[in-house]
Amino acid sequence: MSTGRARVLELAVLGHLASAPMHGYELRKRLNSELGAFHAFSYGSLYPCLKSMLRRELVAASTPGDGAVRGRRSRIVYRLTERGRDRLHELLSESTPAATDDECFGVHFTLFGRTRSEVRLRILDGRRARLLERLSALRERLGEQVQDPYAVELNRHRAAAIESEVDWLDALIRQERRCAERSAGAGVGLPPHQGASTHTDSRR
């Protein structure tokens, strides 16, 4: 797994464990159900990540024999340590270009409730700029004289998907700026029911 993919998986794991301790199977299920970018992740990628985090003391592990969880004899339960919370805070403070790519953006977005307002805005603005560059390149392709008709239709479909996500981001950015003015960055920028749907699948 690439360094960038490992980093975003680490962020997702830390974010989930910040809510509650859980065993690896439950953690993988939540990643798969809540973060579409992780639908292909398996034990082969999750458990090396957890082992690395254990070595770095970002998480701690316990077994039912330790009295952590009863009735699940063979499952190790993972919980966040103070060092892990510090690492999560560090990752959530980042607004690098990597945070706006297709794999990372969805993970950061699901953790916006733990992210400062100014960081949320930088990530949203960065994602919007990235998509506009992608849209410009697609429009150039559509303007070419000779193209396979199916390639044209595919590019039109991709352009429409990007335009839809840009519109969605514009609405989010306006909402975030209004919330920032009211609360100076405290709390979540969106009501819970508005944060459930993300548009993170606009591919090249």
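General remarks:
- Failed condition for S197, given (1) surrounded by fewer than 16 Cβ atoms within 10 Å (Cβ to Cβ); (2) modelled with pLDDT of 95 or more: (2)
- Filter result for E165 (of a type in the set (D, E, K, R), surrounded by 13 or more Cβ atoms within 10 Å (Cβ to Cβ) and either in contact with a His (Cβ under 7 Å, 6 or more places away or on another chain) or modelled with pLDDT of 90 or more (or both)): yes
- Scanning the range 148-170 for residues that are in contact (Cβ under 8 Å) with a residue 40 or more places away in the chain, more than 30 Å from T3 (Cα to Cα) and among the charged types (D, E, K, R) turns up at least one hit.
- Matching entry among G113, G126, G106 (being surrounded by 13 or more Cβ atoms within 10 Å (Cβ to Cβ) and either at pLDDT 95 or above or outside any helix (DSSP H, G or I) (or both)): G126
- Residue selected from the range 43-64 under the condition at pLDDT below 95, within 15 Å of P21 (Cβ to Cβ) and surrounded by fewer than 17 Cβ atoms within 10 Å (Cβ to Cβ), by the criterion farthest from the chain's Cα centre (by Cα): P64
The values are calculated or read from the model by the stated rules, or taken from the named source; none is laboratory data. This one's a predicted model, so the numbers in the text were calculated from it and none came from an experiment. Glycine gets a Cβ as well: all are built from the backbone with ideal geometry, and neighbour counts include every protein chain shown.
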